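Undergrad: Before I ask anything, let me first share the structure, which is written out below as structure tokens.
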Amino acid sequence: MPATQMEQLVSLCKRRGFIFQNSDIYGGLQGLYDYGPLGVELKNNIKAAWWRSMVYERDDIEGLDSAILTNRKVLHYSGHEDTFSDPMVDCKKCKGRFRADQIGGVCPNCGSTDLTEPRPFNLMFKTTVGPVVNDDNIAYLRPETAQAIFTQFKNVIDSTSRKLPFGIAQIGKSFRNEITPKNFIFRVREFEQAEMEFFVKPGEDEPWHEYWKQQRINWWLDQGLSKENFRVYDQKPDELAHYAKACTDIEYKFVWGFDELEGIANRRDYDLGNHTKNQEEFNLEAHCHENKESTTKLCVRDEETNKLYVPFVIEPSMGVDRATLAILTEAYTEEDLGEGNSRIVLKLKKHLAPIKIAIVPLKKNSAEIMNKCHELKKQLMKLGIGRVALENTGNIGKAYRRHDEIGTPLCLTVDFETIEQQPETVTLRDRDTMQQIRIATADLPAYLREYFA
Ligand code: ATP
């Protein structure tokens, strides 16, 4: 997508109600965005597609929804308190503050090379819990959803009788005080993650890493990303986090170049190892923090040897906001219709479209037409295909334009023929081909169920 089209997309997001700057009326708050009436639908559909593929369509993954506020000890033993930081530099000339690894030695604001030495900046948001503000009450807003999956590992196993290999999936908000939030909703300070931790026996981790790589690539393609805008990058040994054995980044070609949508990491026994009681009993492969405070052993028993061991973890971790941006970027299309006409269409996959079908009256001041529209809306709502909208602008051209721009796959038009002739018929207009068919209302349920299946 060219940069000019990106500007159009950002403006469409505001104009049509997908994404707004947070606290807009007070000048905004940097790195925070709100999802509007259509954005919330799109994001919910993306999350539902992820949850369906992770939890409903499989038999080896359970779900979890944990608290955002996190006990300090969790993030101490996970390593976040000590190491979850980015190198930060200040420009001595313009006083701008940037991530040292992103600017290549020159201030991106004023071009000066007079920068401070890089120093670590911890990205976690700190707060206190309860009425007394002191060091004993410090808690953090979680910087990732994964840690609660590790700390609840034993509770999930005990309550579900799961055996390895199995996974725990979670979708939820995470918070990072990014030094330089940028690129619209790509790098923000409050965002959503969809993470799944898949627990396997050590030694079986490599084939499972390969397996999850393929699963996740297929999922992204199913959401409509085209192969040429999509890149899978296996991190080199010197790029890996110290605890990771392997990590694959799934990247999308955004306007500014290829950038990360998701990481699929082999985290070995690092996380459960960090949080387990009596670490010394286990032959841990990853180098973990010593832990004298955990009350539970996060391990399973090997049925053959009868020995306890700490499982390895394969983690596909996706950013929901980045997914939303990639899907919008891919879907945004400017079409030349000839004779000086053009249109903007969001070619979203049907299952992701915020509105599935718009009912459009030919004339809004005809009571008969409007009654029929209301009646049809009630009927179609019952099909369970998703959101059905009733347009009341009374201008068919405008309605089609609006629904092309927000990605509604079908527009259903009620006209005088609908109410005057038998059998009762309506027109259905396809967003992508703009072709119209006339269909009997009696046939609509079967047709639409199949169309949105
Ligand atoms: P980056 O290198 O871009 O900062 P990361 O490697 O630190 O990302 P992870 O910790 O692996 O990211 O988080 C998993 C996923 O969460 C990322 O692939 C990304 O999609 C999403 N994510 C991370 N940070 C942000 C952010 N600030 N804004 C939006 N999404 C984010």
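The values are calculated or read from the model by the stated rules, or taken from the named source; none is laboratory data. Bear in mind that the values here come from a model prediction, so they are computed numbers and not experimental data. FYI the Cβ positions are ideal-geometry reconstructions off the backbone, even for glycines, and counts take in every protein chain you see. Calculation scope for accessible area: heavy atoms of the full protein, side chains included, ligands and nucleic acids excluded. Shrake-Rupley method; radii C 1.70, N 1.55, O 1.52, S 1.80 Å.
Undergrad: Filter region 401-441 for residues that are assigned to a helix (DSSP H, G or I), surrounded by fewer than 21 Cβ atoms within 10 Å (Cβ to Cβ) and not basic (Lys, Arg) and give the result.
TA: The first filter runs over region 401-441 and keeps only residues assigned to a helix (DSSP H, G or I), leaving 401-406, 416-420, 441.
Narrowing the set further to residues that are surrounded by fewer than 21 Cβ atoms within 10 Å (Cβ to Cβ) leaves 401-402, 405, 416-417, 419-420, 441.
Correct list: GLU405, PHE416, GLU417, ILE419, GLU420, THR441.
Undergrad: If I filter region 82-104 for residues that are under 30 Å from ASP271 (Cβ atoms), surrounded by 14 or more Cβ atoms within 10 Å (Cβ to Cβ) and away from the ligand (no atom under 16 Å from the Cβ), do I get at least one hit?
TA: No, every residue in region 82-104 fails to be under 30 Å from ASP271 (Cβ atoms), surrounded by 14 or more Cβ atoms within 10 Å (Cβ to Cβ) and away from the ligand (no atom under 16 Å from the Cβ).
Undergrad: Are any of the residues in region 253-269 at pLDDT 95 or above, over 25 Å from the mean Cα position of the chain (by Cα) and within 30 Å of THR295 (Cα to Cα)?
TA: Scanning region 253-269 turns up at least one residue that is at pLDDT 95 or above, over 25 Å from the mean Cα position of the chain (by Cα) and within 30 Å of THR295 (Cα to Cα).
Undergrad: A further question on this structure: Determine if region 312-333 includes at least one residue that is charged (D, E, K, R), open to solvent by 10 Å² or more (accessible area, probe 1.4 Å) and out of contact with any Asp or Glu (no Cβ under 8 Å at 6 or more places or on another chain).
TA: yes
Undergrad: If you don't mind, there's one more thing I want to ask. Give region 172-190 a look and list any residue that's modelled with pLDDT of 95 or more, open to solvent by 30 Å² or more (accessible area, probe 1.4 Å) and in a strand (DSSP E or B), or say none.
TA: LYS173, ARG187, GLU190 - these are the residues of region 172-190 that are modelled with pLDDT of 95 or more, open to solvent by 30 Å² or more (accessible area, probe 1.4 Å) and in a strand (DSSP E or B).
Undergrad: Return the only residue of ARG176, ARG189 being out of contact with any strand residue (DSSP E or B) (no Cβ under 7 Å at 6 or more places or on another chain) and touching a residue at least 12 places away in the same chain (Cβ under 8 Å).
TA: Numbers: ARG189 fails: out of contact with any strand residue (DSSP E or B) (no Cβ under 7 Å at 6 or more places or on another chain).
Exactly one of ARG176, ARG189 is out of contact with any strand residue (DSSP E or B) (no Cβ under 7 Å at 6 or more places or on another chain) and touching a residue at least 12 places away in the same chain (Cβ under 8 Å), namely ARG176.
Undergrad: Looking at (1) within 15 Å of the ligand (Cβ to nearest atom); (2) closer than 18 Å to LYS43 by Cα; (3) touching a strand residue (DSSP E or B) at 6+ places or on another chain (Cβ under 9 Å); (4) of a type outside the set (Val, Ile, Thr), which one does LEU221 not meet, given that it meets all the others?
TA: Failing condition for LEU221: (1).
Undergrad: Shifting gears a bit: Residue under question is ASN22, and the condition is that it be out of contact with any helix residue (DSSP H, G or I) (no Cβ under 6 Å at 6 or more places or on another chain), without any contact (Cβ under 8 Å) to a residue 24 or more places away in the chain and not β-branched (Val, Ile, Thr); does it hold? Working first, answer last.
TA: On the way: out of contact with any helix residue (DSSP H, G or I) (no Cβ under 6 Å at 6 or more places or on another chain): yes; without any contact (Cβ under 8 Å) to a residue 24 or more places away in the chain: yes; not β-branched (Val, Ile, Thr): yes.
Answer is yes for this residue.
Undergrad: Restricting attention to region 66-119, which residues are closer than 27 Å to GLY130 by Cβ and either part of a helix (DSSP H, G or I) or among the aliphatic types (A, V, I, L, M) (or both)?
TA: Within region 66-119, ALA67, ILE68, LEU69, ARG72, LYS73, VAL74, LEU75, HIS76, TYR77, HIS80, GLU81, ASP82 qualify.
Undergrad: For the subset of region 1-37 comprising residues that are part of a helix (DSSP H, G or I) and among the hydroxyl-bearing types (Ser, Thr, Tyr), which member is farthest from ASN177 (Cα to Cα)?
TA: Going through region 1-37, the residues part of a helix (DSSP H, G or I) turn out to be 3-15, 24-26, 37.
Pick out the ones that are also among the hydroxyl-bearing types (Ser, Thr, Tyr) and you get 4, 11, 26.
Values: THR4: 29, SER11: 26, TYR26: 20 Å.
Restricting to residues being part of a helix (DSSP H, G or I) and among the hydroxyl-bearing types (Ser, Thr, Tyr), the top hit is THR4.
Undergrad: Quick test for you: out of LYS253, LYS182, LYS236, pick the one residue that is free of Cβ contacts under 8 Å to residues at least 12 places away in the same chain and under 26 Å from PRO2 (Cα atoms).
TA: LYS182
Undergrad: Here's another thing I want to ask about it. Across region 233-264, what is the number of residues that are of a type outside the set (A, V, I, L, M, F, W, C), more than 12 Å from the ligand (Cβ to nearest atom) and under 21 Å from ALA146 (Cα atoms)?
TA: Selection size over region 233-264: 3.
Undergrad: Right, next: Go through region 120-166 and report how many residues are open to solvent by less than 20 Å² (accessible area, probe 1.4 Å), within 16 Å of the ligand (Cβ to nearest atom) and part of a strand (DSSP E or B).
TA: Of the residues in region 120-166, 1 are open to solvent by less than 20 Å² (accessible area, probe 1.4 Å), within 16 Å of the ligand (Cβ to nearest atom) and part of a strand (DSSP E or B).
Undergrad: Got a number for residues in region 291-308 being assigned to a strand (DSSP E or B) and within 33 Å of the chain's Cα centre (by Cα)?
TA: Step one: list which residues in region 291-308 are assigned to a strand (DSSP E or B), which gives 300-301, 308.
Checking the rest, the ones that are also within 33 Å of the chain's Cα centre (by Cα) come to 300.
So the answer is 1.
Undergrad: Condition first: surrounded by fewer than 18 Cβ atoms within 10 Å (Cβ to Cβ), outside the structural domain of ARG401 (by TED's automatic domain parsing), modelled with pLDDT of 95 or more and in a loop (DSSP other than H, G, I, E, B). Can you find one or more residues in region 38-56 that meet it?
TA: no
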